[in-house]
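One structure is given below, encoded as structure tokens.
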Amino acid sequence: MKTPIEIISGMTATPEYTPDSIKTLMSRLNLNEKGFAVLMNVLPMTVRLWISGAVLPCGQSMRLMQIYEACPEIVERIVGDSKPENE
């Protein structure tokens, strides 16, 4: 299995994350808006703006989403047992 760094170094362009793709990622990671906001280090309002389509995530946020999508196991390393449950 490739390490996250090997995966990231092989990536060329950061995909654009749409409201639907963000919702899909949140679901895949089993995170609600608040949990995803904590993981992304943004305010919950920012996540609401992303999933409503009012605002697109910045480049750094899209790169983080790309990493979490490619290596969801890294989320477990980051949050461990403290991951908020979906409401």
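The values are calculated or read from the model by the stated rules, or taken from the named source; none is laboratory data. All values derive from a computational prediction rather than experimental measurement. Cβ: placed from backbone, ideal geometry, glycine included. Neighbour counts: every protein chain shown.
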Residue match in segment 1-15 (condition: over 21 Å from Gly80 (Cα atoms), in contact with an Asp or Glu (Cβ under 9 Å, 6 or more places away or on another chain) and either at pLDDT 95 or above or surrounded by 11 or more Cβ atoms within 10 Å (Cβ to Cβ) (or both)): yes
What residue, of Ser61, Ser27, Ser52, is among the small types (Gly, Ala, Ser), surrounded by 16 or more Cβ atoms within 10 Å (Cβ to Cβ) and modelled with pLDDT of 95 or more? Ser61
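Select, from Leu39, Leu64, Leu25, the only residue that is under 18 Å from Glu76 (Cα atoms), in contact with an Asp or Glu (Cβ under 6 Å, 6 or more places away or on another chain) and not in a loop (DSSP other than H, G, I, E, B).
Values: Leu39 fails: in contact with an Asp or Glu (Cβ under 6 Å, 6 or more places away or on another chain); Leu64 fails: in contact with an Asp or Glu (Cβ under 6 Å, 6 or more places away or on another chain).
After ruling out the rest, the residue left standing is Leu25.
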Taking Thr46 as meeting all but one of (1) part of a helix (DSSP H, G or I); (2) buried (at least 19 other Cβ atoms within 10 Å of the Cβ), write down the number of the exception. (2)
Which of (1) modelled with pLDDT of 90 or more; (2) within 24 Å of Ile7 (Cα to Cα) does Ile78 not meet, given it meets every other one? (1)
